[in-house]
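Worksheet: one structure, shown below.
Every number in this text was worked out from the coordinates using simple rules, so none of it is lab data. Source: prediction; values computed, not measured. Please note: Cβ atoms are built from the backbone with ideal geometry, for glycine as well, and neighbour counts cover all protein chains shown.
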Amino acid sequence: MSKFNMCFYRSFRCEKLMIGAETSVDGSEICRRILKNAFAKYSGGGNILFHKLMPDEIISRIDTEFPGAYSENPEGYAVIVSAGRADVYSMTERGLLYGAYALIRESENGEIKSGVIYNYPKMKMRAVKVFLPSRENIPFFKKFAEFCSFYGCNTIMIETGGALEYRRHPEINEGWIEYCDNFREYQGKTIDVQKSFGWHKNSIHFENGGGSWLRREEAADIISYCRELLFDVIPEVPSLSHSDYLLTRHPELAERKEDPLPNTYCPSEQGSYELLFDVLEETIEIFKPETINIGHDEYYSIGLCDKCRGKDAAQLYADDINKIYDFLKSRGIRTMLWGDKLLNAISREGFHYGGSHIEYRTNDGREYTVPATYKAIELIPKDIIILNWYWRIMREFDDVFFENGFSEVMYGNFRPLNIYDCRERLENRICGTCISNWSSLDPVHIQRNGIFAFVAYAANMFWNHDFDENEFEENFLAAAEDIYRYGSMNTYKDGFAEITHTASVTRPHNEFVDGYLMDYDKDYLGEYTVYYTDDSESRHKIYFGLNIGYSDAVIGRKEAYDSDMYNLEPYFYEPSLTCGYVKEGNKLYYRMRIVPENGKKIRNILLTDGADCIEVKEIKF
């Protein structure tokens, strides 16, 4: 029995509605487009009508069908299907969109049973955080946004940094390209640079924009597309810390003057704000946002320059936040920030993180101290939205924000496969979650970082009202199967061959963040050759973690000894989306699709390289 259920309350009858190319759709442009695309290949008539209201008679019908289920949730929807029509009800356009997705989910070959479908999300903000794409990955960005919308996300956060065109300061973009090119020399150079000095440095995000930048009109296009899908779009403009993109051409504003690659501006220097506010103005012009994430995480270079030396670290931090907050508020924009430096974050084992007083020792014996900033939590406005990415260290950190008057706290860098006691924790006044990809926005790294799997798993967590985290393997496999079917629905409409196989080896690797990218030579395992009836051939390479996985991978997790989260067994989630899963005993097989070239007919498919490490279970074509 599938554990994946985004259309939780369902009651069906025997009659069916046939939906197809001839079906009339009376609703918003996005609902019409999505339904027309989904059912274009089927024959069917009837009508689909969208109603931006939730009338009393529909609420009564829901209560009759599902006693006690109704909740006055703005994103909830009801779908009433009869033999000749379907009516979708919600109080918001976004709820109507989720109702349209429900019709797609519950249909089979254009048929949907008559009856009632009702559901609503349990979490208010369901966000995904990404970098700007490279120019060549703009089409993928749009497909990724469609995926996230289909799985119930309502917010996209996009880090801009040096990857957005700044016409007032073109030197930022020039410096950004030069800066990023420096880190392409070899895998992991970013980490080496971080550790090569006698002080702590921010993580380095040279993957943003593919190491280049998008023109304003290109960025505006993807923002517009997200808004067509009814997303809230939040730009992340790193400031104070992670300001390397501002400082490549303005080292005179750096807090640490001796740093050849500075990443923190001086908060006592007026020029820092003249530059930053110009960047914010241009960002506002392009995004027209209601909220901006100003970053402020991983702040390490504090009180070092002549203008800052001797000043209280918490006051410096708070003053900087307040200046930016006032600037944004004067333009009617809310402030969001990462909350780590507002916490006196000391783990149960005594390790110091975040805004606590931290003492570092480098491998060669150099010592460096970061002063505490956590008291700034008392000095900044309480309507700032907090991204608490320390949910994974100690759950008690949530309460620190609430006790200090903050009412909107989200779990940032959210990993739904890793959190335990999820229902209790997420219902404890948390207003949202944000899944983060800290690598290139392209199909390979989004998949291998588990983002597709995380988004689908979180959808089940937030829309399935019987979700039980203790059924972890069943929940994961159900989510993986659902996104594999999603690929069939959207990518393989003209048919495909399917190979079920597994690998007897692994290819250990660093997580694809902080400058580590997929190594195709290292991860190559073999190749299939497809033979067509016209005597032509095509070859399809097999890469570990991309279109095959490890046979002995364990779909499991263990409680971490030093934090409030689970540690995952490696490898199992990486192939999800491009692969479906088949479990036989303790062995995992992976189903992979191959699309014939130009509609050709396949005569045979053979594994022509990699027989020493690839076991083929079945080939269907």
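Numerical summary
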| quantity | calculated |
| --- | --- |
| Size of the chain as Cα extents on the principal axes (Å, biggest first) | 77, 64, 49 |
| Amide H within-cut-off set for Met565, under 5 Å, with H built and near neighbours excluded | Ala560 |
| Crossing angle, helix 138-150 versus the chain [Cα axis fit, 0-90 degrees, rounded to tens] | 70 |
| Of Lys3/Lys583; Lys3/Lys124; Lys311/Lys375; Lys341/Lys382; Lys3/Lys617; Lys341/Lys375, those spanning more than 18 Å from alpha-carbon to alpha-carbon | Lys3/Lys124; Lys3/Lys617 |
| Hydrodynamic radius (Kirkwood) for the range 468-532, which is based on Cα pairs only, to one decimal in Å | 15.8 |
| Within the chain, percent of DSSP bridges classed antiparallel, to nearest 5 | 60 |
| Amide proton proximity set for Arg85, modelled H, under 5 Å, gap of 5+ | Asn47 |
| Charged-residue dipole, Cβ positions (Lys, Arg, Asp, Glu), the chain about Cα centre, Debye nearest 20 | 1160 |
| Under 23 Å from Lys41, Cα to Cα: lysines that are on another chain or at least 8 residues apart | Lys16, Lys113, Lys142, Lys143, Lys493, Lys600, Lys601 |
| Filtered trypsin sites (Lys or Arg not before Pro), the range 315-373: DSSP coil and at most 14 other beta carbons within 10 Å | Arg331, Arg348, Arg366 |
| FRET efficiency, 1/(1 + (r/R0)^6) with R0 56 Å, evaluated for Ile59 and Tyr524 via beta carbons | 0.45 |
| Global form of the range 125-469, assessed from the alpha-carbon gyration tensor, a/c cut-off 1.5 | rounded |
| Point-to-point label distance, Lys587-Lys323, nm (Cα→Cβ direction, 7 Å offset) | 6.4 |
| Distance (nanometres) between label positions extended 7 Å along Cα→Cβ at Thr92 and Glu427 | 2.1 |
| Under-5 Å amide H pairs with Ile548, H placed in peptide plane, nonlocal only | Tyr543 |
| Crossing angle, helix 93-106 versus the chain [Cα axis fit, 0-90 degrees, rounded to tens] | 40 |
| Distance between modelled label sites at Thr506 and Glu378, nm, 7 Å Cα→Cβ extension | 4.7 |
| Crossing angle, helix 472-491 versus the chain [Cα axis fit, 0-90 degrees, rounded to tens] | 70 |
| Least to most buried among Trp338, Trp463 (fewest other Cβ within 10 Å first) | Trp463, Trp338 |
| Residue list for the range 494-519, given a label point 7 angstrom along the Cα-to-Cβ vector of Glu185 and an amide N cut-off under 16 Å | 515-516 |
| Overall form of the range 476-620 per C-alpha gyration tensor (a/c, 1.5; a/b vs b/c) | prolate |
